[in-house]
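A.B. asks: Right, I'll just put the structure down here and ask away after.
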């Protein structure tokens, strides 16, 4: 007898090996129809998977957290099948699940274009209606290589040849289409209903620009049409909020080909930058950080000692002088260690906290660059705490409080905390990583925080807490981080004298709240749709005249407000007041001050908001109070 234990603790017994689908059917016809996959002893499997031993089983349906990834992966195969039907000779390469969807790369005699997508999507819908069963088979590496090579799938054969010879490979077949895949997949193609192809792009085979350019087709897939429609609506809203579009409208910054991944900040954009920087500088001061400034380039020997050379050199820029090789810093941490090393520190001095608005450069692929959200040159609100092991918990919990206040002040109230654990490759042994990961868990428990763990996503030198913020239209952005590092201080020779007069290496905590200033400002633009709260807005108010007779009073109001520390402009153009109001509303200026003869004669201003609200006529002093409250 084979005993199957279900999630509710109930047991079902079967005389012979049984498939996941058969177990589901034994429970009920509704569950059998809803089953997408199974989870046997914690491992995801197909509904056709045969269980031949006592096991725990959960049936995966569209209510399960794993369902969406399975649907998206299966929809990628659906895409590949449709492409090969419509474009005989097209070779499939890889087709992974990504955030909100999937993509598949194809080799074909010509690049695919957006005009190809409607026909491909229609063919996908046709295959859905054909309701092909999806079956799994297993082959050796050599058998699989020959199988795909005989089909003319040279790219797939190359992928298989890079897999160890002793591994058995799973293949999935639906109708005439077969692909190499770990699975699991939905049991039949009619389970795939809510999807849309989004765009095409170019991608080099295996990411190497020396290889052939492939055609990449992106798609999105969801559990139902309602979710798909909501996602497409969100994309429409995201397009309206695109930080590049708003930056052009508001004259904040620009990018150009002569400096890929580098930003040209205009006065208004730099004004926003300065508000953010000065706010974060106050956070430094209020929480005991000494602000430092370190060199932009350092000898590569230092980067070798720190571990960045072995783990990060492909993302670094280099330069030479007098037969020495230097690297532009991709991170600030080795420089902060050098500051710590100047002078002898006692355990009584710890913790020592350094903060820097550190300019960094990383050699990001050109295809990954995206406005100011993904750049090659950026500035971090970077900080490092040198402390003892006993101080880790208090420092991490204090940082958590700081970070949550900052996010709330900038308008982010939905924040998820995640714990990224040891990656491959990494520095140090498992015992050290156990200690570092447990220290972060303990701090999060002390802070009363719920968190999700991300295996394999830590930094090469230590685990990290990540702060993921949800914006106004539901997108999630990873911003702040707190990392525990037992490695770098020892590698770079940082020491302090403990209570027993022995020299010890401090623990190094890497922390950032907003992360990249460029990226954070881009996120702020999109989160607020360019309608910054008054304290952040590059121009907080515009004073406008109705006729030339009020020009001098307009200038006087502007001068008074500017002297109070506000960012105020005038509009004295010979245009109708309605035109001026519309233009500055489109510029998303928070307050529009209109001056006519009555306002001039009484020393007043008529105040409107960018949302069209009429706040009435008030004295300049009253408006100052109102704006200061804002």
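A.B. asks: Tell me which residues, restricted to segment 413-427, are assigned to a loop (DSSP other than H, G, I, E, B), in contact with a helix residue (DSSP H, G or I) (Cβ under 9 Å, 6 or more places away or on another chain) and within 22 Å of residue 487 (Cβ to Cβ).
C.D. replies: 421, 422, 425, 426, 427
A.B. asks: Of all residues in segment 448-460, which are in contact with a strand residue (DSSP E or B) (Cβ under 9 Å, 6 or more places away or on another chain) and surrounded by 15 or more Cβ atoms within 10 Å (Cβ to Cβ)?
C.D. replies: 449, 451, 454, 457, 458, 459
A.B. asks: Oh, and also: Could you grab the pairs with beta carbons closer than 6 Å, sequence gap of 6+ or different chains, first residue in segment 77-91 and free of Cβ contacts under 8 Å to residues at least 24 places away in the same chain, second one assigned to a helix (DSSP H, G or I) and buried (at least 18 other Cβ atoms within 10 Å of the Cβ)?
C.D. replies: That search, which allows pairs on different chains as well, returns 90/83; 90/84.
A.B. asks: Inside segment 238-333, counting only strands (runs of 3 or more DSSP E) that do not spill past its ends, which hold 1 or more residues that are touching a residue at least 24 places away in the same chain (Cβ under 8 Å) and surrounded by fewer than 18 Cβ atoms within 10 Å (Cβ to Cβ)?
C.D. replies: So the answer is 297-299, 324-328.
A.B. asks: Every residue in segment 493-547 that is at positive phi and not in a loop (DSSP other than H, G, I, E, B), please.
C.D. replies: Correct list: 515 only.
A.B. asks: Then there is this: Checking the conditions here, which among 364, 424, 389 is over 30 Å from residue 499 (Cα atoms), surrounded by fewer than 18 Cβ atoms within 10 Å (Cβ to Cβ), touching a strand residue (DSSP E or B) at 6+ places or on another chain (Cβ under 9 Å) and in contact (Cβ under 8 Å) with a residue 24 or more places away in the chain?
C.D. replies: It is 364.
A.B. asks: Ok, one more. Need at least 1 residues that are over 18 Å from residue 177 (Cβ atoms) and in contact with a helix residue (DSSP H, G or I) (Cβ under 8 Å, 6 or more places away or on another chain) per element, so show me which helices (runs of 4 or more DSSP H) inside segment 15-89 make the cut, counting only ones lying wholly within it.
C.D. replies: So the answer is 20-27, 29-34.
A.B. asks: Here is a further query. Failed condition for residue 442, given (1) in contact with a strand residue (DSSP E or B) (Cβ under 8 Å, 6 or more places away or on another chain); (2) free of Cβ contacts under 8 Å to residues at least 60 places away in the same chain; (3) surrounded by fewer than 19 Cβ atoms within 10 Å (Cβ to Cβ); (4) part of a helix (DSSP H, G or I), with all others met?
C.D. replies: Status for residue 442: all satisfied but (1).
A.B. asks: Cβ-Cβ under 6 Å, sequence separation 6+ or interchain: first residue in segment 190-201 and closer than 11 Å to residue 115 by Cα, partner in a strand (DSSP E or B). Which pairs?
C.D. replies: That search, which allows pairs on different chains as well, returns 199/218; 200/217.
A.B. asks: Of the conditions (1) more than 14 Å from residue 507 (Cβ to Cβ); (2) modelled with pLDDT of 95 or more; (3) touching a helix residue (DSSP H, G or I) at 6+ places or on another chain (Cβ under 6 Å), residue 387 satisfies every one except a single condition; which number is it?
C.D. replies: (1)
A.B. asks: Quick check on residue 139: is it surrounded by fewer than 16 Cβ atoms within 10 Å (Cβ to Cβ) and either modelled with pLDDT of 90 or more or assigned to a helix (DSSP H, G or I) (or both)?
C.D. replies: Against the criterion (surrounded by fewer than 16 Cβ atoms within 10 Å (Cβ to Cβ) and either modelled with pLDDT of 90 or more or assigned to a helix (DSSP H, G or I) (or both)), residue 139 does not qualify.
A.B. asks: Right, another one. Output the number of residues of segment 396-412 satisfying the condition of being out of contact with any helix residue (DSSP H, G or I) (no Cβ under 8 Å at 6 or more places or on another chain) and surrounded by 15 or more Cβ atoms within 10 Å (Cβ to Cβ).
C.D. replies: Residues meeting the conditions: 5.
A.B. asks: Please tell me if residue 344 is in contact (Cβ under 8 Å) with a residue 24 or more places away in the chain, outside any helix (DSSP H, G or I), more than 25 Å from residue 385 (Cα to Cα) and touching a strand residue (DSSP E or B) at 6+ places or on another chain (Cβ under 7 Å).
C.D. replies: No, not satisfied.
A.B. asks: Could you go through segment 456-473 and let me know if any residue there is closer than 26 Å to residue 268 by Cβ, at pLDDT 95 or above, assigned to a strand (DSSP E or B) and under 15 Å from the mean Cα position of the chain (by Cα).
C.D. replies: Yes, because at least one residue in segment 456-473 is closer than 26 Å to residue 268 by Cβ, at pLDDT 95 or above, assigned to a strand (DSSP E or B) and under 15 Å from the mean Cα position of the chain (by Cα).
The values are calculated or read from the model by the stated rules, or taken from the named source; none is laboratory data. None of the values given here were measured: they were computed from a predicted structure. Reconstructed Cβ throughout: ideal geometry from the backbone, glycine too, with neighbour counts over all protein chains shown.
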